[in-house]
Every structure is written in C-alpha cells, then in structure tokens.
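Worksheet: one structure, shown below.
The values are calculated or read from the model by the stated rules, or taken from the named source; none is laboratory data. Bear in mind the structure is a predicted one, so any value in this text is a computation, not a measurement. Every residue, glycine among them, receives a Cβ derived from its backbone with ideal geometry; neighbour counts consider all protein chains shown.
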Amino acid sequence: MLNNATRIQPRPPNWRAAAARLAAVILTPPVHHWIQRQEERIRREGRPLTRAEFASARNIGLKDSGRVRILVVAHIPLPAGWLLKGIARFSRVALADPVALTAGHGIFLCSAVAADPVVVRHELVHVHQYERLGRRAFLQQYIRDCLVDGYRDSALEKEARRLSIRAGRD
Ligand SMILES: [Zn+2]
C-alpha cells in the first residue's frame with residue numbers, strides 16, 4: 001500500500017502560462033517584422049552613441065556598440081493597436097505611452113527623457129539582451145514573460161533595471 005508521501009499529487013494545469021507561451025509563439029513573427037522595420041528607420045535617421053554612452057555600453061558588455069543608433073522622437077511608435085491591447089490586458093500594464101523602445105541595435109527615446117542617462121543605459125541593456133539571445137528569441141521570451149509575470153516583474157525588465165543602475169556607478 002502506498003503511503004501519502006509516495007503518492008503522486010497531480011498539479012493543476014497552469015493554463016495561463018500555457019496560453020502565454022502559445023500567444024508568444026503566435027505574436028513573435030509579426031512583432032519581429034515590425035521591430036526590424038523600426039530598426040531600419042533608426043539606423044537611417046538616428047545618431048551614434050556619445051563617448052559617455054559608449055562607456056556605459058562597454059560596462060554592460062555590448063559586443064557591437066558601434067552599431068547602436070539612437071533616434072529621439074516626440075512619441076514612441078507602437079505596433080498595431082489590437083496587438084498592444086492584448087498584451088497590455090495580459091501583462092496588466094498601461095503600454096499606451098512608453099518613454100523608450102529598443103529594436104535590435106536601434107533605440108527610440110522620447111524627447112522628454114532624451115538626456116536621461118539611466119533611460120539610455122536601460123535600453124542599452126535591452127540591446128545587449130538582443131545580442132545575447134538573438135532578435136527572435138529575445139522577442140519571444142520578452143512577450144511570454146510579460147504575459148506570464150507582468151511587465152515590471154518580467155526577467156528581462158528586472159535585469160535591465162538592475163544593470164542600468166550598476167553600469168552608472170563606474
Ligand atoms: Zn525595459
């Protein structure tokens with residue numbers, strides 16, 4: 001006879017996590033396509049990093065800092081409304097008015113934060129994450145984590161917050 005300790009306890013299925021994984025797989029190709037178009041625009045219209053930003057990029061560990069471009073805009077462009085609303089509902093965050101967005105080696109900065117080194121370092125960490133994981137894998141993980149854990153508690157956002165503060169200390 002089995003005692004209680006050896007009896008297998010069936011765990012309830014985590015439907016939310018499963019749905020988020022599936023949604024991330026479905027959403028990644030169109031988001032990837034959109035991100036590539038934004039990166040091309042930033043490459044055409046943006047500026048290279050300043051000396052101070054290069055130093056931050058080195059501290060963060062970027063492989064290709066020379067490729068990074070920054071484009072200051074009045075409003076950060078966002079992908080299709082339906083997509084965004086879906087992600088916002090899942091991740092319980094208002095994505096309506098972000099101050100920055102990173103697309104591969106391209107960074108959009110809202111003019112209100114254009115001179116804020118913490119925001120620039122935060123986005124440089126995202127560039128490094130793109131380099132480390134690859135564009136497609138980064139986007140899939142980013143979307144999935146935002147859907148499962150919420151924007152603020154997603155692993156890639158937590159890393160960006162932590163490293164953007166640390167990179168400013170030295
Ligand atoms: Zn971020």
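Observations on the structure shown:
- Pairs are defined by a Cβ separation below 6 Å, a sequence spacing of at least 6 or placement on different chains, a first member in the range 119-135 that is in contact (Cβ under 8 Å) with a residue 60 or more places away in the chain, and a second member that is within 11 Å of the ligand (Cβ to nearest atom) and part of a helix (DSSP H, G or I); the pairs so defined are ARG121/SER164; VAL125/ALA160; VAL125/LEU163; VAL125/SER164.
- Taking the criterion of being surrounded by fewer than 17 Cβ atoms within 10 Å (Cβ to Cβ) and either modelled with pLDDT of 90 or more or part of a helix (DSSP H, G or I) (or both), the residues of the range 157-170 that qualify are LYS158, GLU159, ARG161, ARG162, ILE165, ARG166.
- From the options GLY86, GLY106, GLY81, residue that is away from the ligand (no atom under 12 Å from the Cβ) and at pLDDT 95 or above: GLY106
- Meets criteria (surrounded by 20 or more Cβ atoms within 10 Å (Cβ to Cβ) and farther than 15 Å from ALA114 by Cβ) for ILE70: no
- Residue within the range 122-136 that is away from the ligand (no atom under 12 Å from the Cβ) and either polar (S, T, N, Q) or at pLDDT below 95 (or both) present: no
- The lone exception for LEU147 - which of (1) surrounded by 21 or more Cβ atoms within 10 Å (Cβ to Cβ); (2) within 13 Å of the ligand (Cβ to nearest atom) it fails: (2)
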